[in-house]
Structures are given as C-alpha cells and as structure tokens.
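Here the structure is laid out as structure tokens; the discussion comes afterwards.
FYI, it's all coordinate maths here, none of it is from the lab. Just so you know, these numbers come straight off a predicted model, no measurement behind them. Because the Cβ atoms are built from the backbone with ideal geometry, glycine has one as well, and the counts that use them run over all protein chains shown.
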Amino acid sequence: MPVTKGAGNPDWTWDETLLALDLLYRHSVPVDRNHPDVRDLSSALRTAEIHPKDGRKDNFRNPDGVSLKLQNLQSAIDPTRGLSSSKRDREAVAEFPISRKRELAEIAAAILRELSNEPQPSEVPQDEVFIEGHVITAAHRRRDARLRRRLLDKRTEERLICEICDFSPPSLTRTLRESFFEAHHIVPLSDAVGQTSTRVADMVLLCAGCHRFIHKLISWRKQWVSVETARTLMKSADD
C-alpha cells in the first residue's frame, strides 16, 4: 500500500482524475509507485499549473499519491474491494466506463498535450466545462478569442445576427455592434481533442445571452447540445 502523507494537498480535479483513469485502463490493474508510467504521470502533474504551487505540499501528486489514486479508481469500478473512492472517482468511472477507454485515451493525450503547451490554463466558468474538463476547454477558449475576430471580419452588417435567437444589435458603430457577440463551437470538444487548431468553419456567432443559454443546457444535460436544438427549444418556448 502506497504511503502518501498527502493531507492538505488539493483535491484531484476532473482532468487529473481522467489522466489517472486512463492510466488504470492501460494496465487493467493498479500499478505501483515504481512503475515508469506512474512516475511519468506524477511528473506531469507536479509540473503542471493546475493548482497554485503555494497550495501544495512537498509530496503533492508524488508516485505514492498517483498509485493510491489508481487503487481508489479501481474501488470505484469494483466497490467490493473495500477501499475508499471519492465522488469524483465514481463520476469519472460512470462517465468513462471501460467501453469508452479509447475515447478516454484520446482525451487524456489532449490534456497532457495542453498541459505541456499551455502550463497556465485560464479560468473557465463552470457552465462552459464539458466532460473533458478545464484544461481542454480553457485551451479552446484561448483559440476562440482569436477566431472570434476572424469570424466577425467575415460578417457584413446585415449578417451580424445571433444564430439561435436572431437577435440583431441596434444601429451603433461596428465595434459596439460586434460587442454583443461571442464565438461558439458547433462540434463537441470530444470530437476535436486531436486537433491542434480550430477552423472558423467550426464556429458560429451567438449573442452573449444565447451563448450562456446553450452552455447551461450542455451543463444541465451533461451532453452536447447543437445550435439547432437550442434554437428549436427557444422558439418552441415562445409559441
């Protein structure tokens, strides 16, 4: 049994838990602290800026802690083992059972890639976090900020319209009219985790209210909601 002495360290995030679950699925059983894959994941988590360094202890996400997390996740899969598991462990196993291990492997690889490329992911409102977690969502939001400008540049004055509610801003300067709109993905991030860039064709313009609305729907339903579905739902509510 690994010895963590980890009291006081931050709880495992969704992203970290998915990385550990992917490691468990790759080996079918928990592996100990001396396994190179455990040491590699420990190193990646200790290097990443997921948690502020001033909130960590010296043994933060050490190989013992990673090995223990694998055992916790195994207990979430098989509660008869008698070991403890957290609510997040059980949620991760429920969201990604063994039948989805290939999809999880792609997401885990994308998380690690983003941790390597973007060591300080930006904050993401909870309603914008999909099953892939903060790291991937934050990376896409950073790309979205650049794509929004390109998307707006392609729109004439007449086409500055929200694609859910048909809102068109009042007659103001172009800059003020553009301020009503945000860029939104039209494909799930799980379908784009292997991409190194996002295309303008993968985005639509939504007013800020509808952008908040569709992300709330996604968070509430815990599945992707298309622009068409959100539009239909909103229009039906008006009838």
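For an R0 of 22 angstrom, estimate the FRET efficiency from the Cβ-Cβ distance between LEU83 and ASP11 and round to the nearest 0.05.
0.80
Please work out the FRET efficiency for the pair ALA208 and ASP37, using the Cβ-Cβ distance as r and a Förster radius of 41 Å; give the result to the nearest 0.05.
After rounding to 0.05, the efficiency reads 0.40.
Can you tell me the FRET efficiency between ALA94 and SER179 if r is taken as the Cβ-Cβ distance and R0 is 35 Å, rounded to the nearest 0.05?
For R0 = 35 Å, the calculated efficiency reads 0.30.
Of all the Cα-Cα pairs you can form in region 16-107, what percent are over 24 Å apart?
17
Give me the number: length gained by fully extending VAL187 to GLU106, i.e. 0.36 nm times residue separation minus the C-alpha to C-alpha distance, one decimal in nm.
Working it through step by step, the gained length comes to 27.5 nm.
Mind sorting THR232, THR17, THR80 by how few other Cβ atoms lie within 10 Å of their own Cβ, fewest first?
Least crowded to most crowded, the residues run THR80, THR232, THR17.
If I stretch the segment between LYS222 and ASP153 completely, what's the gain in nm (0.36 nm per residue apart, minus their alpha carbon distance), one decimal?
Length gained, LYS222 through ASP153: 21.6 nm.
Between LYS57 and PHE167, what is the label-to-label distance in nm when each label sits 7 Å out along the Cα-to-Cβ direction?
Reported label-point gap for LYS57 and PHE167 is 4.8 nm.
Under a plain spin-label model, where a point goes 7 Å from the Cα along Cα-to-Cβ, how far apart in nm are VAL200 and LEU233?
For the pair VAL200/LEU233, the computed spacing is 3.0 nm.
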